[in-house]
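The values are calculated or read from the model by the stated rules, or taken from the named source; none is laboratory data. If you're wondering where the values come from, they're calculated on a predicted model, not measured in any experiment. As a convention, Cβ positions derive from the backbone with ideal geometry for all residues, glycine included, and neighbour counts pool all protein chains shown.
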């Protein structure tokens, strides 16, 4: 990738890590409030005895200031409790209707974290200023600027609460939930694939093992999901030790302690430090991550669609929303190149072989369960065939079009098996014919430059 793309990818990873740790933003805001309280206290001390009465500064006495700050602190606790209660209720609703996988997207919303942090920061600031008010001995030493700023923070918190209620109701709407998942999926697609033409042709087979080397197995030291693999670090470590590394895992795979992560062909006495580098380059976690796992983003959309098709809900609208977003994501994948499975060093010698999921694998992951659960619903089958046609207009690789053709045939077969109404079968047959005609034509060239997501 180009340097600008690498910088964008690093920034995106940093933002993902920031969002994944829900406590960072509120903690930073509380620390900012602590620093701000000391800064306001220093400012009050600097202007003590020289501050002229003005209309916008607090002009009450010690008693009023203490009562006001105590009321502000109590109000912030009440507002924060209410905000937490509303958030928990929203999380319960989303978990029941859209699945537990969607909860992480909702909890990682930076706006929600900012709202919680603002209430906490206002509460902490009011308490610290209250301490200063208690220590003031006379009216001239009353921290009027600090108290005035506390009032301003309280007013801002009321506006933030109003915004939070609006934002929460908007986030709970089905189109916005699906769009949020799709946005995260587009970002991971941009990070893990490359613009068409940037990846040159490469052989997918690993060359014969060099002489004077031995094979070593690298086993997992812990249990969990693979969240990230640092390919550049692996390639550098293998090249520096003139070794060859074959990875047996990929992001999103669950490994048990003792499972084989990689096979190493290295010279004697070079395998031990290389094994340490390999384990350090593979990050495990308790849950899957969208940092490199395209399959996980697709699984989230599929889960929402399947829940919509369940007999308890029968929400075909949400299922079709997910199909539209899957069409956009798979179209994006069809127009981009996947990184080569064999990575080479600067001298062109192959050093790293990686298991990767291709477009046919991801298409199977996206549509297999939907056409199984939606085969009894004509509108879903028709929309699925239209989705396959949309992707086919952008799929230029033969194996990609073959995968789409198999799913079109399977959708038609499942619908004919489960449906009895002749009119529904006729509509599905018409959509199937249109999709197969699209698959038979060459993909349309794209004349508009690709827009990259930040």
Report task. Being closer than 13 Å to residue 354 by Cβ and assigned to a helix (DSSP H, G or I) is the filter; apply it to segment 248-283 and report the residue that is nearest to the chain's Cα centre (by Cα). Result -> 281
Report task. Please work out if residue 164 is surrounded by 17 or more Cβ atoms within 10 Å (Cβ to Cβ) and either in a helix (DSSP H, G or I) or at pLDDT 90 or above (or both). Result -> yes
Report task. Could you tell me whether residue 273 is surrounded by fewer than 18 Cβ atoms within 10 Å (Cβ to Cβ) and in contact with a strand residue (DSSP E or B) (Cβ under 9 Å, 6 or more places away or on another chain)? Result -> no
Requested in this report: Could you figure out which of (1) under 30 Å from residue 289 (Cβ atoms); (2) touching a helix residue (DSSP H, G or I) at 6+ places or on another chain (Cβ under 6 Å); (3) buried (at least 16 other Cβ atoms within 10 Å of the Cβ); (4) at pLDDT below 90 isn't true of residue 44?
Outcome: (1)
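So if I check each of 376, 386, which one is part of a loop (DSSP other than H, G, I, E, B) and either surrounded by 23 or more Cβ atoms within 10 Å (Cβ to Cβ) or in contact (Cβ under 8 Å) with a residue 40 or more places away in the chain (or both)?
The unique qualifying residue is 376.
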